[in-house]
Amino acid sequence: MNTAMNPKTVHKPGGSYSHTVKVPANAEWLVISGQVGVDAKGKLADGVRKQSEQVFRNILACLRANGMSKKDLVKFTVYITDSRFVDDYRAARKKIIGDDTQPTSTLVVVDGLASAAMLVEIEAWAAKA
């Protein structure tokens, strides 16, 4: 089982994430490529909140396809194209992932993604003992 922890000697996380997640030695790892707000039919969702929700649905689908669940998440790397999108991203994460799942997380504001219409991209790491 993965163990999330926030050392008392480090500041409190500024969102729904943990500073550390320890993965046991016998874990099976899954690396999920950067997901964007495109559904299985190839349609890009409108707006950053809907795109973020779709991204998290895609991540959950990738986990399920590999016999894992959100409790196995270890790390998110989030790329958004505007710092004004942070609140919408967080609302989407809370809606789809919830506050009970807190992998490590890095959020980076970038100039652009593969398409100008794409506003958010998230890659994920998971591990299951």
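The values are calculated or read from the model by the stated rules, or taken from the named source; none is laboratory data. Since we're looking at a predicted model, the values are computed, not measured. So basically every Cβ, Gly included, is an ideal-geometry build from the backbone, and we count neighbours across all protein chains shown. Note: accessible area is taken over every heavy atom of the protein model, side chains too, but ligands, DNA and RNA are not part of it. Shrake-Rupley method; radii C 1.70, N 1.55, O 1.52, S 1.80 Å.
Quick notes
- Accessible surface for segment 1-105, divided over its residues, is 58 Å² per residue with a 1.4 Å probe.
- Members of K22/K70; K50/K95; K50/K71; K8/K70; K22/K71; K70/K95 lying beyond 19 Å, as alpha-carbon distances in this model show: K50/K71; K8/K70
- Placing R0 at 30 angstrom, the Cβ-Cβ distance between S69 and A117 gives a FRET efficiency of 0.50 after rounding to 0.05.
- All-pairs Cα distance distribution in the chain, expressed in whole percent, bin size 10 Å: 13, 45, 32, 9, 0
- When its C-alpha radius of gyration is set against 2.2 N^0.38 Å (N residues), segment 28-94 gives a value of 1.12.
- Estimated D of segment 69-129 in µm² per second, where Rh is the Kirkwood radius over Cα pairs and Stokes-Einstein applies at 4 °C, 1.567 mPa s: 105 µm²/s
- Whole-percent carbon and sulfur share, accessible surface of the chain, 1.4 Å: 53 percent
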